[in-house]
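These notes concern the structure reproduced below.
The values are calculated or read from the model by the stated rules, or taken from the named source; none is laboratory data. Given the structure is predicted, the values throughout are model-derived calculations rather than measurements. All Cβ positions, even for glycine, are placed from backbone atoms using ideal geometry, and neighbour counts span all protein chains on display. Please note that ligands, DNA and RNA were not included when accessible areas were found on the heavy atoms of the full protein model with its side chains. Shrake-Rupley method; radii C 1.70, N 1.55, O 1.52, S 1.80 Å.
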Amino acid sequence: MKVILDVHKLENAENAHEYLKGALNFPEYYGNNLDALYDCLNELTDVDIVFSNSENAGEYFKKILRVFKAACEENKGLQSSSENLRE
C-alpha cells in the first residue's frame with residue numbers, strides 16, 4: 001500500500017501526530033509522540049510512504065524523518081521516500 005504524506009502537515013508535534021494517526025490508521029491508543037510513532041511504524045506491513053511537498057521541510061519534520069528512517073531499517077515491510085527533500 002502506498003501512502004502519500006504532505007510534509008506541510010508535519011510541521012509541529014500536535015498537528016503532525018493527529019495527521020499521521022489518521023493517514024496511517026494508527027490505533028486509538030496512539031501516544032502522539034515520536035516514541036509511539038516508531039512503535040506503530042514497526043507494526044505496519046507492506047507500506048510505502050512518500051513524503052510530498054518536502055522542499056522546505058521544517059525542524060519537527062526532520063525529527064519525524066529520523067524516526068521513519070530508523071523504523072525502515074528495523075521493519076522490512078516499511079519503505080519511505082520523498083520528493084525534493086532537503087535535510
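Accessible area per residue of the chain at 1.4 Å probe, in Å²? Here the residues of the chain average 59 Å² of exposed surface. When the solvent-accessible area of the chain is split by element, carbon and sulfur atoms take up 43 percent of it, the probe being 1.4 Å. Here the label points at Tyr38 and Asp6, each 7 Å from Cα along the C-beta direction, are separated by 2.9 nm in the simple model. In the chain, the calculated helix contribution to ellipticity at 222 nm averages -12500 deg cm²/dmol per residue, counting -39,500 (n - 2.57) for every DSSP H run with n ≥ 4.
The radius of gyration of the Cα set in the chain, together with its Dmax, comes out at 11.6, 33 angstrom.
When the chain is treated as a GNM, springs tying every alpha-carbon pair under 10 Å, which of Tyr19, Tyr60, Tyr38 comes out with the largest mean-square fluctuation? Maximum among the listed residues: Tyr60. Charge dipole of the range 5-71 (Cα centre as origin; +1 on each Lys and Arg Cβ, -1 on each Asp and Glu Cβ, all else neutral): 200 debye, rounded to the nearest 20.
The count of lysine pairs in the chain whose Cα atoms are under 16 Å apart, excluding pairs fewer than 8 places apart on the same chain, comes to 5.
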